[in-house]
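Asks: I am attaching a structure below and will ask some questions about it afterwards.
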Amino acid sequence: MKKIAQQSFNTRQVGLSIVELMIALAISSFLILGITQAYIDNKRNYVYQQSQASNQENSRFLVTLIDSYLNKTGYRRAPHQLQEEAFKQIPASADCEEFKKSAAITKAKAGIGICIRYQPLVSGELDCTGNATPAFTDSKPYSTTDNAVVMTLRYKPAADLNGILECKVGNVSAELLNGIADFRMEFAVGNSLDKKIDAIISSSAWTTSSGNILQVRYSALMSSGMNQRSSDESAALDIWKKDASAAEKTRLSSADKKYLYQLASSTVAMRNLMP
């Protein structure tokens, strides 16, 4: 009798019932779905943070880069050397508008940008393309030199809003930064002798008859991270569009793929051109 009861007990404990199996599968499914959703959310948040960090890093680098080059404008190794002696007249070229006598800055051609002139601090100093500037004798401090560097900084837009900032010296070009959806530049012009600003001229309204450029103000719309916005709205993009032309609005709206945007701007005074 005892043997029969033991056999009956063992029979009842073999395997799981269909109800128990269904409950186990349901609980496991919920756990897997929860873990998967947590992974997707964490990955989306990581990509979002990386895109924001990329915009911030590019914005800081852009401002640092352009400001450093603009601060070189009109630099003379010998302070006593007259501007008209250090910077002679240069006719318009394929890259730059005319450099008038003593002028160290003018508008770039074929796009939004500027051309600047400066004298290198030391012989063989590297320019923005990474090449050495023309050599000269620099054994004596404050000695005069006539080998001014002509540098072009220009924005080149792209259909996918991944525009670049390009630098050119002579026939050599170099890409300095990408991820620029749009770019603007304005010039404060006037008389450098009395530091009076007569007008603020945008890059699109520039004319070769304008006065001396005393300040440069630039703004950039940085973009990164495709499909990072949950909606079509973007505060940075909306702010940028307020001052955009109809053509710019169309280009930005048609090429936008829910990028993350950030605004970067700065104003630089031409301190080396002041008396």
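The values are calculated or read from the model by the stated rules, or taken from the named source; none is laboratory data. All values reported here derive from a predicted model rather than from experimental measurement. Using ideal geometry, Cβ is built from the backbone for each residue, glycine included, and neighbour counts are taken over all protein chains shown.
Asks: Within region 251-262, is even one residue buried (at least 19 other Cβ atoms within 10 Å of the Cβ), among the aliphatic types (A, V, I, L, M), in contact (Cβ under 8 Å) with a residue 12 or more places away in the chain and outside any helix (DSSP H, G or I)?
Replies: Yes, region 251-262 contains a residue that is buried (at least 19 other Cβ atoms within 10 Å of the Cβ), among the aliphatic types (A, V, I, L, M), in contact (Cβ under 8 Å) with a residue 12 or more places away in the chain and outside any helix (DSSP H, G or I).
Asks: Considering only region 45-59, how many residues are without any contact (Cβ under 8 Å) to a residue 12 or more places away in the chain and under 15 Å from residue 224 (Cβ atoms)? Even if it seems obvious, please write down each step before you answer.
Replies: First, the residues of region 45-59 that are without any contact (Cβ under 8 Å) to a residue 12 or more places away in the chain: 45-46, 49, 53, 57.
Next cut, under 15 Å from residue 224 (Cβ atoms) only: 46, 49, 53, 57.
Within region 45-59, residues that are without any contact (Cβ under 8 Å) to a residue 12 or more places away in the chain and under 15 Å from residue 224 (Cβ atoms) number 4.
Asks: Test residue 173 against the criterion of being touching a strand residue (DSSP E or B) at 6+ places or on another chain (Cβ under 7 Å) and not in a loop (DSSP other than H, G, I, E, B), and give yes or no. Break it down stepwise before answering.
Replies: Values: touching a strand residue (DSSP E or B) at 6+ places or on another chain (Cβ under 7 Å): yes; not in a loop (DSSP other than H, G, I, E, B): yes.
So residue 173 fits the description; yes.
Asks: Does residue 165 count as touching a Lys or Arg at 6+ places or on another chain (Cβ under 9 Å) and on the phi > 0 side of the Ramachandran plot? I'd like the intermediate steps shown before the answer.
Replies: Values: touching a Lys or Arg at 6+ places or on another chain (Cβ under 9 Å): yes; on the phi > 0 side of the Ramachandran plot: no.
Answer is no for this residue.
Asks: In region 103-114, is there at least one residue being free of Cβ contacts under 8 Å to residues at least 12 places away in the same chain and either among the hydroxyl-bearing types (Ser, Thr, Tyr) or touching a helix residue (DSSP H, G or I) at 6+ places or on another chain (Cβ under 8 Å) (or both)? Walk me through how you get there before you give the answer.
Replies: First, the residues of region 103-114 that are free of Cβ contacts under 8 Å to residues at least 12 places away in the same chain: none.
No, region 103-114 contains no residue that is free of Cβ contacts under 8 Å to residues at least 12 places away in the same chain and either among the hydroxyl-bearing types (Ser, Thr, Tyr) or touching a helix residue (DSSP H, G or I) at 6+ places or on another chain (Cβ under 8 Å) (or both).
Asks: Given the criteria part of a loop (DSSP other than H, G, I, E, B) and not polar (S, T, N, Q), does residue 150 qualify? Break it down into steps so the answer makes sense when it comes.
Replies: On the way: part of a loop (DSSP other than H, G, I, E, B): no; not polar (S, T, N, Q): yes.
So residue 150 does not fit the description; no.
Asks: Can you say whether residue 70 is in contact with a strand residue (DSSP E or B) (Cβ under 9 Å, 6 or more places away or on another chain) and under 23 Å from residue 223 (Cα atoms), as far as the supplied structure shows? Show your work before the answer.
Replies: Values: in contact with a strand residue (DSSP E or B) (Cβ under 9 Å, 6 or more places away or on another chain): yes; under 23 Å from residue 223 (Cα atoms): no.
It is false that residue 70 is in contact with a strand residue (DSSP E or B) (Cβ under 9 Å, 6 or more places away or on another chain) and under 23 Å from residue 223 (Cα atoms).
Asks: Same structure, new question: Show the residue pairs that are 6+ apart or on different chains and have beta-carbon atoms under 8 Å apart, the first residue being within region 137-154 and more than 25 Å from residue 173 (Cα to Cα), the second being surrounded by fewer than 12 Cβ atoms within 10 Å (Cβ to Cβ) and of a type in the set (S, T, N, Q).
Replies: Within 8 Å, the pairs are 143/137.
Asks: Can you confirm whether residue 4 is modelled with pLDDT under 80, part of a helix (DSSP H, G or I) and hydrophobic (A, V, I, L, M, F, W, C)?
Replies: Details: modelled with pLDDT under 80: yes; part of a helix (DSSP H, G or I): yes; hydrophobic (A, V, I, L, M, F, W, C): yes.
In short, yes.
Asks: Let me ask you something else. Among the residues of region 228-250, what is the count of those that are among the polar types (S, T, N, Q), within 21 Å of residue 51 (Cβ to Cβ) and either in contact with a Ser or Thr (Cβ under 9 Å, 6 or more places away or on another chain) or surrounded by 17 or more Cβ atoms within 10 Å (Cβ to Cβ) (or both)? Quick ask: steps written out before the conclusion?
Replies: Step one: of region 228-250, the residues among the polar types (S, T, N, Q) are 228, 230-231, 234, 245, 250.
Okay, now just the ones that are also within 21 Å of residue 51 (Cβ to Cβ), so 228, 230-231, 234.
Going one step further and asking which of them are either in contact with a Ser or Thr (Cβ under 9 Å, 6 or more places away or on another chain) or surrounded by 17 or more Cβ atoms within 10 Å (Cβ to Cβ) (or both), we end up with 228, 234.
Of the residues in that region, 2 qualify.
Asks: Can you tell me which of 93, 139, 143 is at pLDDT 90 or above, of a type in the set (Gly, Ala, Ser), more than 20 Å from residue 164 (Cβ to Cβ) and out of contact with any strand residue (DSSP E or B) (no Cβ under 7 Å at 6 or more places or on another chain)?
Replies: Details: 139 fails: at pLDDT 90 or above; 143 fails: at pLDDT 90 or above.
On inspection, the qualifying residue turns out to be 93.
Asks: Would you say residue 124 is in contact (Cβ under 8 Å) with a residue 12 or more places away in the chain and small (Gly, Ala, Ser)?
Replies: Working: in contact (Cβ under 8 Å) with a residue 12 or more places away in the chain: no; small (Gly, Ala, Ser): yes.
Answer is no for this residue.
Asks: Can you pull out every residue in region 11-21 that is assigned to a helix (DSSP H, G or I) and either at pLDDT 85 or above or not hydrophobic (A, V, I, L, M, F, W, C) (or both)?
Replies: As a first pass, look at region 11-21 and keep what is assigned to a helix (DSSP H, G or I): 11-12, 18-21.
Scanning region 11-21 gives 11, 12, 20.
Asks: Another question about this same structure. Residues that are closer than 18 Å to residue 101 by Cα, modelled with pLDDT under 80 and of a type in the set (A, V, I, L, M): does region 190-201 have at least one? I'd like the intermediate steps shown before the answer.
Replies: Kept after step one, since they are closer than 18 Å to residue 101 by Cα, are these residues of region 190-201: 190-193.
Now drop any that are not modelled with pLDDT under 80, which leaves 190-193.
Next, from what is left, pick out any that are of a type in the set (A, V, I, L, M): 193.
Looking for residues that are closer than 18 Å to residue 101 by Cα, modelled with pLDDT under 80 and of a type in the set (A, V, I, L, M), one finds at least one in region 190-201, hence yes.
Asks: From 103, 78, grab the single residue that is closer than 23 Å to residue 268 by Cα, in contact with a strand residue (DSSP E or B) (Cβ under 8 Å, 6 or more places away or on another chain), of a type in the set (A, V, I, L, M, F, W, C) and in a loop (DSSP other than H, G, I, E, B).
Replies: Details: 78 fails: in contact with a strand residue (DSSP E or B) (Cβ under 8 Å, 6 or more places away or on another chain).
The unique qualifying residue is 103.
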